[in-house]
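Everything on this sheet refers to the single structure shown next.
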Amino acid sequence: MEIAEHINALRREGEWLADAAERAGLDATVPPCAPWQVKDLLRHTGYVHRWAARHITECPDQIIDGPSEEEILRGGADDARLLAWFRDGHAALAQTLATADPAVACATFMPAPSPLAFWARRQAHETAIHRADAESAAGATPEYAADFAADGIDELITGFGARRKCQRQPQSQPQAAPTAGGGLLRVVAADTGDTWSIELRQDRLQPRRETGPDIANGAGHPDGAGCTVSGPASGLYLYLWNRVSAAEADITTTGNPALLASWQAAVTVRWG
């Protein structure tokens, strides 16, 4: 996806997140992030939006450190002004990205074609996944465009999954941990045809996007494709981010389930 597409997605997802939060109410529980309430979700995501925008406007050469999650959840606006505060920060981030110099130089924490491309993509998916949290609090499950969902799966697998040790980031983001055993896990988005493989070797994850059918089918690896996880891109996106169950996402798993468990143990989401 292009930078402009990510910024447009960020705009849409943030607006839908706020709408879902308003429907659910500030005191509603966010099931994927319990014991969070919607007010916590808004404060967290509102902080992340402002934190991300600072990288574009201040151009630091290192990732900006910030307060603890506990402090973040005590901050922001009071409940009466919280939705407006969230909407303001979200709109400001989108505008900052849209008007930034394409050659802006600032810190990032994953490889990308440019810092602007990194921050636009990261915040589009940060916001989209938290939109799912807000929808969940309102009793709904979002459906994402297949190409956007596949892009998010790619970021999760080849970006976060490739990081053996994660730097300290806002706690909605994956934290890598050692894996056990080995083998080859494949992830297949059935509706887009995108395929990824994740080789599990002791305490290392070696993820990659596949393009050749022989490689995608596990050829050349001593264990072959030990486990394959497949389903529609939107469902896979939510499932791999631990937002829905396999049944809810229409996910099919074949082969050795221990390989999927190794991935899930290696790339998890920590709260508070």
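The values are calculated or read from the model by the stated rules, or taken from the named source; none is laboratory data. Computed from a prediction, not measured in an experiment: that's the story for all the values here. We work out accessible area using only protein heavy atoms, side chains counted, and drop any ligands, DNA or RNA first. Shrake-Rupley method; radii C 1.70, N 1.55, O 1.52, S 1.80 Å.
For the stretch 39-163, the square roots a ≥ b ≥ c of the C-alpha gyration tensor eigenvalues yield an a/c of 1.5 or more together with a/b not exceeding b/c, which makes the shape oblate.
Full extension of the chain segment joining Arg23 with Ala246 gains 77.6 nm, where the gain is 0.36 nm per residue of separation less the Cα-Cα distance. Protein-only accessible surface at a 1.4 angstrom probe places the residues Ile251, Ile198 in the order Ile251, Ile198, largest first. Tell me the carbon and sulfur percent of the accessible area for the stretch 32-78, rounded to whole percent, probe radius 1.4 Å. Carbon-and-sulfur percentage of accessible area, whole number: 45.
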